[in-house]
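Taking it in order: structure first as structure tokens, then the write-up.
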Amino acid sequence: MPKSLISISDFTKEEMLHILDVAGEFEKNKSQNFLHDKVIACLFFEPSTRTRLSFETASNRLGARVIGFSDVANTSVSKGETLKDTIKMVSNYVDLIVMRHPLEGAARYASEVASVPVINAGDGANQHPTQTMLDMYTIKQTQGHLENMNINMVGDLKYGRTVHSLIQAMSYFSPSFVFTAPPELKMPQEYKDFLTSKKIPFTETEDLMEHINDTDILYMTRVQQERFTDPMEYEKVKNCFRLTASMLGGCKKNMKILHPLPRVGEITQDVDDTPFAYYFRQAGNGMFVRMAIIAYLLGAR
Amino acid sequence: MGTVKKITEKTLQVNAIENGTVLDHIPADQLFKVIQILGLDKECKNQITFGTNLESKKLGRKAIIKIADRVFKPKEINKIALVAPDAKINIIKDFKVIEKKVISIPKEIVGIAKCMNPACITNHQPVPTRFTTSYENKHLKLLCHYCEKTTDGENLQL
Ligand SMILES: [Zn+2]
């Protein structure tokens, strides 16, 4: 079975650092052409324009050609073809498969039936490891290194898969965490147990201002209305977890704000012009990191 | 009087077998799940007798299964750890117990239990389930190899 990237835990610390180095190389020189004889499939069983464009651009920048679909309408999948059959068939044509699927575990299963490497571009609420790698790349880019970061995660820490994977990945670099969330969306116990087992300190708060001045990385997430059983509760909390420029007066100079995007009002527009805003650069980093992961899995780097 | 009554009851409750396997100390409410896991409900020509709601000091109410002329491989029998972790296995020859075994919980469970996550691929496509097990404080937990969610022993469905 060729090496795939399904969950962030598929990479060792060394592999992560290697990917980040290669991504840095590609950022300096975007025109890489060494995969000109390769074909990559981008199979989006669920639409996600942002992620798909990032992967397709990454493939093109490496010189590879891309085939695939951006949603399942008008494909054999909509006629009831099993995931296994689709993956087996596509495996015959291409050198690597990028896939996004609404069901959890779909990418792991695909990697077991595929004869080529698979990159998970999101499987439901489960994993989205290239997002995690780009978050790490961004942290390293803004701080110069990954060690001893104080990371303050804000918003939906219960369902937000990006924060869960980032905790796993950063656990190699002696971080400390602050979890800022409303009671309904607190960090699940299993991740707190994980941190305790690794002797990584964390604190929890419902007050965004409480730890903001000690934070190196302020990781904002979407607080979605549909997560609340009581709509009144959403109205109450949404303003408490909204970041405005006026809250940033006492922050550390090196502090940077990250957000997996798209935002739905957790960060007001006036923050965009502060030196702390970094979420647009963060999104752009996705391409370099995805280039590096594709190159690595194809044995080219 | 009490002792005599108990002994007679015990022998009468479930008939003895000449050769085969006796599974004892099965929680009464798990009897049919054990039968299902061992596949005794299909393609099995052996003579099987079972009793349930028998008195047990340890379990309150227990079940017992006797399968004539059959000895299970550890790999087969350990699967019942999912529902009957305290079960005792007695191998019978000429009406005598020649070997006693205990169940050990397998590290990996393939194709028996159902993942309780409704969004898991295994609940939508013909994918055999696969779990790694952990057993802490008498609590069995199954970590799904695919969706990476945990199914508790209490919520187990087969
Ligand atoms: Zn599952």
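Values in this text are rule-based calculations from the coordinates and carry no lab data. Since we're looking at a predicted model, the values are computed, not measured. Every residue, glycine as well, gets a Cβ built from its backbone with ideal geometry; the counts of neighbours run over all protein chains shown.
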### Message
Let me confirm one metric for peptide A:104-114, namely the mean number of other chain beta-carbon atoms within 10 Å of its residues' beta-carbons.
### Response
6
### Message
Projecting each Cα onto the charge dipole of chain A (Lys/Arg +1, Asp/Glu -1 at the beta carbon, about the Cα centre), which of A:Q141, A:M1, A:Y93 comes out farthest on the positive side?
### Response
A:Y93
### Message
Apply the Karplus curve 6.51 cos²θ - 1.76 cosθ + 1.60, θ = phi - 60°, to the phi angles in the stretch A:25-33 and return the couplings in whole Hz, x for Gly and Pro.
### Response
4, 5, 5, 5, 9, 6, 8, 10, 10
### GNM flexibility winner over chain B from B:I112, B:I121, B:I26 (Cα, springs under 10 Å)
B:I121
### Query
Using a ≥ b ≥ c from the Cα gyration tensor of the protein assembly as shown (square roots of the eigenvalues), is it rounded, prolate or oblate, where a/c under 1.5 gives rounded and otherwise the larger of a/b and b/c decides, a/b for prolate?
prolate
### Message
Could you give each residue of the stretch A:184-194 its phi-based ³J(HN,Hα) in whole Hz, using Karplus coefficients 6.51, -1.76, 1.60 with θ = phi - 60°, and x for Gly or Pro?
### Response
5, 10, 5, 4, x, 4, 4, 6, 5, 4, 4
#### Entry: Derived scalar couplings ³J(HN,Hα) [the stretch B:144-158; Karplus, 6.51 cos²θ - 1.76 cosθ + 1.60; whole Hz; x for Gly, Pro]
5, 5, 8, 8, 6, 9, 9, 9, 7, x, 5, 9, 5, 10, 9
### Query
If you line up the long axis of helix A:279-297 against the longest principal axis of chain A, both from Cα atoms, how many degrees apart are they, to the nearest 10?
40 degrees
### Query
Cβ under 12 Å from B:G111's Cβ, B:G111 left aside: what net charge do those residues give with Lys, Arg +1 and Asp, Glu -1?
+2
### Query
Residues of B:141-152, mean number of Cβ from any other protein chain within 10 Å of their own Cβ, rounded to a whole number?
4
### Sum of side-chain charges, A:P102 neighbourhood, beta-carbon under 9 Å (Lys, Arg +1; Asp, Glu -1)
-2
### Task
Compute the distance in nm between two label points, each set 7 Å from the Cα along the Cα-to-Cβ direction, one at A:F280 and one at B:E43.
6.4 nm
### Query
In degrees between 0 and 90, to the nearest 10, how far off the longest principal axis of chain B does helix B:2-13 point, with axes built from Cα atoms?
60 degrees
### Query
Do any of A:K3/A:K186; A:K13/B:K79; A:K158/B:K141; A:K192/B:K114 go past 29 Å between their Cα atoms, and which?
A:K3/A:K186; A:K13/B:K79
### Task
Within the set of other residues whose C-beta is less than 10 Å from the C-beta of B:T151, count the net charge using Lys and Arg as +1 and Asp and Glu as -1.
+1
### Task
Within a 10 angstrom radius of each residue's Cβ in B:120-131, how many Cβ atoms of other chains show up on average? Whole number is fine.
5
### Summary
Hydrodynamic calc, the stretch B:68-158: Kirkwood Rh from Cα pairs, then Stokes-Einstein at 4 °C with viscosity 1.567 mPa s, so D in µm² s⁻¹ is 90 µm²/s
### Query
Taking the Cα centre of the stretch A:130-283 as origin and charging only Cβ (+1 Lys, Arg; -1 Asp, Glu), how large is the dipole, in debye to the nearest 20?
460 debye
### Query
What is the spin-label model distance, in nm, from B:T150 to A:D214 if the labels are put 7 Å beyond Cα along the C-beta direction?
2.8 nm
